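The values are calculated or read from the model by the stated rules, or taken from the named source; none is laboratory data. Here the structure is a predicted model, which means the values were calculated and not measured. Virtual Cβ from ideal backbone geometry, glycine too; neighbours counted across all protein chains shown. The accessibility values were calculated without ligands, DNA or RNA, using every heavy atom of the protein model including side chains. Shrake-Rupley method; radii C 1.70, N 1.55, O 1.52, S 1.80 Å.
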Amino acid sequence: MTGFPDAESYARAALTYLAEPGDVRLGALIRTRGARQVLDAIKAGDVTGAAAQRAMERWRVRLEGIPSAEEVAGFCRSGIRLIHPGDPEWPGQLADLGDAQPYALWLRGTADLRFNCLRSVAIVGSRAATAYGSYVASEVAASVAARGWTVISGGAYGVDAAAHRGALGADGVTVAVLACGVDMPYPAGHRDLLDAIAAQGVIVSEWPPGWNATRLRFLVRNRVIAALATGTLVVEAGQRSGALNSARHARDLNRRLMAVPGPVTSDLSAGCHHIIREWQGVLVTSAAEVIEHLSPLGAPQEAREPAGAAESAGAGESAGAGESAGAGESAGAREGRARTGSRAAAVIDRDELAPETAAVLDALPARGGMGPARVAVRAGLDLRTVMRCLGVLAAGGFAERCDAGWRLRRT
């Protein structure tokens, strides 16, 4: 298909137009028959059984709205990309949703979704946040982002916005999961915020470009927020808040669940207290407590290998490349010489880096800084590979971000 990678990708893009996300019947069909065959069957009305026929009629009513392959390619040329299971950027943890996992995801932004969600926290809460709630969300988000954790939220007013802004202010990565197309500024007052998120992180949606948000879609998208994150923190939430819906998904997916306490007289903290009392959510009051709860074995963040370093290296590069941890032993355990202090020391020897990662390291300046595009030119690699390698180098303690881009880490 002209201008589009392959027929399977186009079929999955088309299916996002035909069915609302989370349709387990369609998810089961894709799992057993593949997206291309399912799309052909919907077009032909080729189903058996009353239940399947009713579902098919529901999907077929939208057939006229499917864009051509060239139109989908046009979205990609405009800075919007589509990922689906099997792509390098697809977060594998979404499989925990079973047949309700997204058929595909539309993205707008510069960050690699899979890599940045390996070590992430969802921060959600009330749209009508108090000054207390906004302050806590912003401070926690800024602190965890400064320590290399990705902040995930929903782009809404209140706690969501405070969390996104806190992460952006700390020069961290933040992910906004929307209930509308990634090109839609919703809410309208967050156009600038969403553009800033796209420039420094990534915007995610199961709905195609141009689609508007509805009340039900907010609830449907909450399962993706919970599934992407290592854990979910609820800052403020009333008893009927949508944030409780996100918390319920996190609980059902066996993700770490946390809540910030508030005044017993505040209706906006009643949901947080319910999470702590009834759902065994962990009470947290600081970013350090959040990271401690999300970290393996509860070890202090500064004294262990940054989570995701070996994992991302193994996922993005071949096991024989020399950067994976080795049989049954993590790179951090093998190295065994990590320094303590405000930052973790390098946990992988330079000689163990894969060739592509080593090339990126060689391209980095010791002083000043260099943007990823210039690093890609100097290393002779594509930009996506460079961004992945920079993440590995940062997690391993070799590189760091600065105002001018990236540079060798100062020891």
*How many residues are open to solvent by less than 30 Å² (accessible area, probe 1.4 Å) and either under 17 Å from residue 201 (Cβ atoms) or aromatic (Phe, Trp, Tyr) (or both) if we restrict to region 120-141?*
8
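Here's the yes/no breakdown for (1) part of a helix (DSSP H, G or I); (2) open to solvent by less than 60 Å² (accessible area, probe 1.4 Å):
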position: 26; (1), (2): yes, yes
position: 31; (1), (2): yes, no
position: 40; (1), (2): yes, no
position: 46; (1), (2): no, no
position: 67; (1), (2): no, yes
position: 74; (1), (2): yes, yes
position: 82; (1), (2): no, yes
_Residue satisfying condition, being on the phi < 0 side of the Ramachandran plot, modelled with pLDDT under 95, part of a helix (DSSP H, G or I) and not aromatic (Phe, Trp, Tyr), within set 250, 270, 310_ = 310
_Return the residues of region 5-48 that are among the polar types (S, T, N, Q) and under 21 Å from residue 75 (Cβ atoms); say none if nothing qualifies._
9, 16
*Residues satisfying the stated conditions in region 375-395, i.e. of a type in the set (Lys, Arg) and more than 18 Å from the chain's Cα centre (by Cα)*: 378
*Would you check if there is a residue in region 91-106 being of a type in the set (A, V, I, L, M), open to solvent by less than 30 Å² (accessible area, probe 1.4 Å) and not in a helix (DSSP H, G or I)?*
yes
_Selected residue (criterion: surrounded by the fewest Cβ atoms within 10 Å (Cβ to Cβ)) from residues of region 142-153 that are among the small types (Gly, Ala, Ser) and part of a helix (DSSP H, G or I)_ = 146
*asked:* Please go through region 222-263 and give me each residue that is of a type in the set (S, T, N, Q), crowded, with 24+ Cβ neighbours inside 10 Å and under 16 Å from residue 22 (Cα atoms), ordered by number.
replied: 222, 246
*asked:* So, in region 189-217, how many residues would count as being open to solvent by 40 Å² or more (accessible area, probe 1.4 Å), of a type outside the set (A, V, I, L, M) and either touching a helix residue (DSSP H, G or I) at 6+ places or on another chain (Cβ under 6 Å) or part of a helix (DSSP H, G or I) (or both)?
replied: 6
*Looking only at region 48-59, count how many residues are assigned to a helix (DSSP H, G or I) and open to solvent by 90 Å² or more (accessible area, probe 1.4 Å).*
3
*Regarding residue 146, is this residue in contact with a helix residue (DSSP H, G or I) (Cβ under 8 Å, 6 or more places away or on another chain) and touching a residue at least 24 places away in the same chain (Cβ under 8 Å)?*
no
_Looking at region 35-68 only, could you name the residues that are more than 21 Å from residue 8 (Cβ to Cβ) and among the hydroxyl-bearing types (Ser, Thr, Tyr)?_
48
*Return the only residue of 11, 95, 35, 28 being under 27 Å from the mean Cα position of the chain (by Cα) and closer than 20 Å to residue 225 by Cβ.*
95
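Table: residues versus (1) touching a Ser or Thr at 6+ places or on another chain (Cβ under 6 Å); (2) over 24 Å from residue 173 (Cβ atoms); (3) in contact (Cβ under 8 Å) with a residue 12 or more places away in the chain.
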position: 206; (1), (2), (3): no, no, yes
position: 219; (1), (2), (3): no, yes, yes
position: 227; (1), (2), (3): no, no, yes
position: 230; (1), (2), (3): yes, no, yes
position: 233; (1), (2), (3): no, no, yes
position: 236; (1), (2), (3): yes, no, yes
position: 243; (1), (2), (3): no, no, yes
position: 250; (1), (2), (3): yes, no, yes
*Positions within region 161-188 being part of a loop (DSSP other than H, G, I, E, B), open to solvent by less than 10 Å² (accessible area, probe 1.4 Å) and farther than 16 Å from residue 109 by Cβ, in sequence order*: 179
